[in-house]
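The values are calculated or read from the model by the stated rules, or taken from the named source; none is laboratory data. Predicted, not measured: the structure shown is a model, and the values here were computed from it. Positions of Cβ are generated from backbone atoms using ideal geometry, with glycine treated the same way; all protein chains shown enter the neighbour counts. Note: accessible area is taken over every heavy atom of the protein model, side chains too, but ligands, DNA and RNA are not part of it. Shrake-Rupley method; radii C 1.70, N 1.55, O 1.52, S 1.80 Å.
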Amino acid sequence: MIAARTDSYFNRTKAIVQRFGDARVTYAVFLRRPVVSAPRLMLDWLRAVATARGVAIDIELMHEEGQWVGAGDPLLYVTGSFVALADLETILLQKLGAACVAAHNAYQMCLELPGVAFLAMEARHCAGAEMQEMMAYAAAVGSRAAQKEGARGFIGNANDATAHWFGQDAGRGTMPHALIGYAGSTVRAAEMFHEAFPAEALTVLVDYFGREVTDGLAVARRFPELAAEGRLAMRLDTHGGRFLEGLDPAESYAVLERHAPGAIRRYRSETELRHLVGTGVSAAAVWRMREALDEAGFPRVRIVVSSGFGVGKCRVMHEAKAPIDVVGTGSFIPDVWSETYATADIVDYDGAARVKVGREFLLRHGEARRKNGAPA
């Protein structure tokens, strides 16, 4: 399986080294952008391969899981038989780069909204089970790193298979838009869910009919006990092509003038303005929903938001002091996939430091400075 999935020139390199004599080599593994170290899936795989092949592989992890890593700074050094390691590079890198970038994204998102809980909803955006596992693991790593700095971080995720990364037995979630379409009304969908799962807290999508405020208040009035107990939440997932019920550009500005005037009085990019006062789930939309709930006597009803909550949107929401209780997001999945490409270079052959010109920064720190096997 490894031979079939790895790049062919690694298989040919392995055959050549077998013919002309093995060497003990050290690989330096790095990324070209800052990341958070998330090596566990790769390390587990590498150690399993070593056991299956009956070979010794020495691993020197330079940055423990959850630590910040600078661009070009080796995450780890891997030392062993060239024959045993040559064909592993492709798969090793697959299991490392994307996880580290996603962990960095999750870490930043949590720090941008330190008082808000996050729910990982990446599964639907993943290309299969292996990516799903990797992205959930990465979010958990980034979350724990942010929690060490005081953020609430990720409290769970949306499916059972990867819930263990968040210390949970099962995924969380109540209803998709399809259930509301099936029920015919937002209130009826809430009733159905509560009847089927009476012990569960209830989070209701309120944007299906474009009546977020109207339907949200109707649900709160239908379940006053849940509302009073803090077991009822409204999830805003308003389509980016329209405003939340009752808002337009002028009213969106007015809402933020009432609650966070400083957020709209400085220079903003077009994207930041959209997050503040534009269509979809804007800061103004969140504030308007909070206003409506409080005015109707439901101060303990929580607000859950989703729809494109990446690092930038989380930052703007924090600056607008948006009253968000939970963010549901899979936006820690890397946007620019080329940034996830990890690289491995051999930096030592049988004790002689040697690396291609331009990659001398990968040589081990503390050793005598040598360039391509010659004294510096």
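Could you run through the stretch 245-268 and say how many residues are hydroxyl-bearing (S, T, Y) and modelled with pLDDT under 95?
Step one: list which residues in the stretch 245-268 are hydroxyl-bearing (S, T, Y), which gives 252-253, 267.
With modelled with pLDDT under 95 added as a condition, the list becomes 267.
Going through the stretch 245-268 one residue at a time, the tally reaches 1.
Residues in the stretch 107-146 that are open to solvent by less than 10 Å² (accessible area, probe 1.4 Å) and not aliphatic (A, V, I, L, M): C110, F118, E122, Y137, G142, S143. Looking only at residues of the stretch 300-309 that are within 20 Å of R274 (Cβ to Cβ) and in contact with a Ser or Thr (Cβ under 8 Å, 6 or more places away or on another chain), we find that the one that is surrounded by the fewest Cβ atoms within 10 Å (Cβ to Cβ) is G308. The lone criterion from (1) over 20 Å from H318 (Cα atoms); (2) open to solvent by 50 Å² or more (accessible area, probe 1.4 Å); (3) touching a residue at least 24 places away in the same chain (Cβ under 8 Å); (4) not β-branched (V, I, T) left unmet by L217 is number (2).
Scanning the stretch 220-245 for residues that are more than 19 Å from R172 (Cβ to Cβ) and buried (at least 16 other Cβ atoms within 10 Å of the Cβ) yields A220, R222, A227, T238, F243, L244, E245. A190 falls short on exactly one of the conditions (1) modelled with pLDDT of 95 or more; (2) surrounded by fewer than 17 Cβ atoms within 10 Å (Cβ to Cβ), and that condition is (2).
Assessment of the stretch 87-96 against the conditions (closer than 21 Å to Y9 by Cβ, of a type outside the set (D, E, K, R) and assigned to a loop (DSSP other than H, G, I, E, B)) yields at least one matching residue. The set of residues in the stretch 35-79 that are surrounded by 16 or more Cβ atoms within 10 Å (Cβ to Cβ), in a loop (DSSP other than H, G, I, E, B) and not acidic (D, E) comprises S37, A38, P39, I57, M62, H63, G66, P74, L75. Scanning the stretch 21-54 for residues that are more than 26 Å from N105 (Cα to Cα) and either at pLDDT below 95 or not β-branched (V, I, T) (or both) gives G21, D22, A23, R24, Y27, R47, A48, A50, A52, R53, G54. Of the residues G297, G351, G312, the single one that is at pLDDT below 95 and surrounded by fewer than 18 Cβ atoms within 10 Å (Cβ to Cβ) is G351.
Taken together, the residues in the stretch 147-164 that are in contact (Cβ under 8 Å) with a residue 12 or more places away in the chain, open to solvent by 10 Å² or more (accessible area, probe 1.4 Å), of a type outside the set (A, V, I, L, M) and part of a loop (DSSP other than H, G, I, E, B) amount to 5.
Has the stretch 197-207 got any residue that is within 17 Å of I333 (Cβ to Cβ), without any contact (Cβ under 8 Å) to a residue 12 or more places away in the chain and open to solvent by 10 Å² or more (accessible area, probe 1.4 Å)? Checked against the condition, which is being within 17 Å of I333 (Cβ to Cβ), without any contact (Cβ under 8 Å) to a residue 12 or more places away in the chain and open to solvent by 10 Å² or more (accessible area, probe 1.4 Å), the stretch 197-207 yields no hits at all.
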